[in-house]
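To keep things clear, I will list the structure first and then write my remarks on it.
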Amino acid sequence: MDRLSLQDPLFATYAICAALMILKAVGMSWLTVYRMTKVKSGYRSPEDLRRTRLNPEPDPSQIGPNDYVDRIRRIQLNDLENLPFFLAAGFLFVIAGPSLLHAQILLYGYVVSRLLHFAAYLTAQTHDVRATFWTIGSLMLIYMTLYVLVAALGLV
Amino acid sequence: MDRLSLQDPLFATYAICAALMILKAVGMSWLTVYRMTKVKSGYRSPEDLRRTRLNPEPDPSQIGPNDYVDRIRRIQLNDLENLPFFLAAGFLFVIAGPSLLHAQILLYGYVVSRLLHFAAYLTAQTHDVRATFWTIGSLMLIYMTLYVLVAALGLV
Amino acid sequence: MDRLSLQDPLFATYAICAALMILKAVGMSWLTVYRMTKVKSGYRSPEDLRRTRLNPEPDPSQIGPNDYVDRIRRIQLNDLENLPFFLAAGFLFVIAGPSLLHAQILLYGYVVSRLLHFAAYLTAQTHDVRATFWTIGSLMLIYMTLYVLVAALGLV
């Protein structure tokens, strides 16, 4: 049987979750663009103050902190600190051969935890709420990685 | 047939593009080092102001914003927001089994879009030019990811 | 034979190193949390100043630069600039089929170089020391990537 096939339920579960997380991560870039365009602010490069079709009336205040835009950047940075490692750990985890249910709980669970983290961060919930969702996802990621490590070391 | 073989034209296409993008990303670190060393500025840690063989005459101004160096850091951050997700999406895309031509257009197209984005950013073209190249690459990345998602969900 | 098996010594070597690097990267998030919680500072979002169970006595000084916390963030950013690319390059490298010894030297060597880089950065060694460990790891990463590129291009 071909384990790296989208017809295989285990690998397809990984592929679905990976695709959702990639779209989520890329979505943060688009959301940053949307918010920058909407408020015409939150730019970061000196050349972004040149008069162009998309920025007909440049103003020095367009560069510099803008929490409406920077909030999305913080969310995106949090994605960068987490999602690339999930993409690799999830892949190795399904290669390690857990049961389908085991994989579904962890992979879909991770996706849900990240979407809840996003919702909490976007709406500026307290640090405690945001941290709780982050912690759940991070523990799932650590669990999958340890599962791979133990299997690769031949300890099981 | 072994799909994960560098002798397979489809997988080799992915491997070539992935390798080029990894070299591009790592190249940004080296370019940062080159520029930091050239202007002996743009450092970020307090200990970087200690007198060493590579920094014989430290000066407090060496820490803090320096656009010559920070431009490369902004380019690199843009890479971090995009390339890890391309590496995963491109891999799953070739696993999903597109035609070779289909894969070549998207994978090589993505590489070209990123190199043009780099050239535009490095030479401080207007935001509109840079954004155009970024958008082309990002849409290709989203397309590949949706292709994987649709295939993994069994919708085709 | 199944190359993507944790029973295969070559792939298991990659999986062990990948798992260690994922744990290292995720560990930086936990270390940031530990240090933020210890000094109750180094927060980054406005809402982190709300009174909560984890932050019973909020104070505006809790937001803003804090080198005890920011040092870990700089280490983590360095991880983000390197580890996702190692995870992809190392994977393609073992697919390219080096000898087991060849792979062990490069993959374990990379892990050791990153752990030494971490130790040097955490203890604020001079820039020269930190840069040396980074350079060793980066050259190994470039070597593995070029190995993949040459093989995928059919040059060997």
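Each reported figure results from applying straightforward, stated rules to the coordinates on display, with no laboratory input. Since the model is a prediction, treat every value here as computed from it, not as a measurement. All Cβ positions, even for glycine, are placed from backbone atoms using ideal geometry, and neighbour counts span all protein chains on display.
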(request) Name the residues whose placed amide hydrogens come within less than 5 Å of the amide hydrogen of C:G97, ignoring near sequence neighbours (fewer than 5 apart) on the same chain. (result) none
(request) Give a residue-ordered list of calculated ³J(HN,Hα) values for segment A:79-96 (Karplus: 6.51 cos²θ - 1.76 cosθ + 1.60, θ = phi - 60°; whole Hz; x for Gly, Pro). (result) 4, 5, 6, 10, 5, x, 6, 5, 4, 6, 5, x, 4, 5, 5, 6, 5, 5
(message) Beyond a 28 Å Cα-Cα separation, which of these cross-linked pairs lie in this structure: A:K24/B:K24; A:K24/C:K24; A:K24/B:K40?
(response) A:K24/B:K40
(request) With springs connecting C-alpha atoms under 10 Å apart, model chain A as a Gaussian network and identify which of A:I63, A:I136, A:I22 has the largest mean-square fluctuation. (result) A:I63
(message) I need the shape label for segment A:105-156. Rule: rounded when a/c is under 1.5, else prolate if a/b > b/c, else oblate, with a, b, c from the alpha carbon gyration tensor.
(response) prolate
(request) Take A:T132, project a point 7 Å from its Cα along the Cβ direction, then tell me which residues of segment C:24-61 have their backbone nitrogen under 14 Å from it. (result) C:52-55
(request) Sequence neighbours fewer than 8 away in the same chain don't count; with that in mind, list the aspartates and glutamates whose C-alpha is under 20 Å from B:K38. (result) B:E47, B:D48, B:E57, B:D59, B:D67, B:D70, C:D128
(message) Which residue fluctuates most in the GNM of chain B (Cα springs below 10 Å): B:T135, B:T126, B:T32?
(response) B:T126
(message) How tilted is helix C:100-122 with respect to the longest principal axis of chain C? Cα atoms for both, answer in degrees (0 to 90, nearest 10).
(response) 20 degrees
(message) Ordered shortest first, which distances in nm separate the 7 Å Cα→C-beta label point of A:R44 from those of the other copies?
(response) 1.1, 1.1
(message) Please list, by residue number, every one of the trypsin sites (Lys or Arg not before Pro) in segment B:19-82 that is coil in DSSP and has at most 12 other beta-carbon atoms within 10 Å.
(response) B:R51, B:R53
(message) Name the chain C residue nearest the rotation axis between C and A, going by Cβ position, and give the distance in whole Å.
(response) C:P84, 2
(request) Determine ³J(HN,Hα), in whole Hz, for all residues of segment A:44-58 in sequence, where each value follows from phi through the Karplus function 6.51 cos²θ - 1.76 cosθ + 1.60 and θ = phi - 60°; x replaces Gly and Pro. (result) 10, 10, x, 5, 6, 8, 7, 5, 9, 4, 7, 9, x, 10, x
(message) List, shortest first and in nm to one decimal, how far the label point of A:P58 (7 Å from Cα along Cα→Cβ) is from its counterparts in the other copies.
(response) 3.7, 3.7
(request) Within 10 Å of each Cβ in peptide B:22-31, how many partner chain Cβ atoms are there on average? Round it to a whole number, please. (result) 5
(request) Could you work out which residue, out of B:M144, B:M28, B:M36, moves most in a Gaussian network model of chain B, that is, has the largest mean-square fluctuation with Cα springs under 10 Å? (result) B:M36
(message) List, shortest first and in nm to one decimal, how far the label point of C:L100 (7 Å from Cα along Cα→Cβ) is from its counterparts in the other copies.
(response) 3.5, 3.5
(request) Evaluate the distance, in nm, between pseudo-label points positioned 7 Å from the Cα of C:I105 and of A:L100 along their respective Cα→Cβ axes. (result) 4.5 nm
(request) Find out how many positive minus negative residues lie around C:I22, taking Lys and Arg as positive, Asp and Glu as negative, among other residues whose Cβ is under 14 Å from that of C:I22. (result) 0
(message) Run the helix sum for chain B: -39,500 (n - 2.57) per DSSP H stretch of 4+ residues, divided by residue count, reported at 222 nm to the nearest 500 deg cm²/dmol.
(response) -25000 deg cm²/dmol
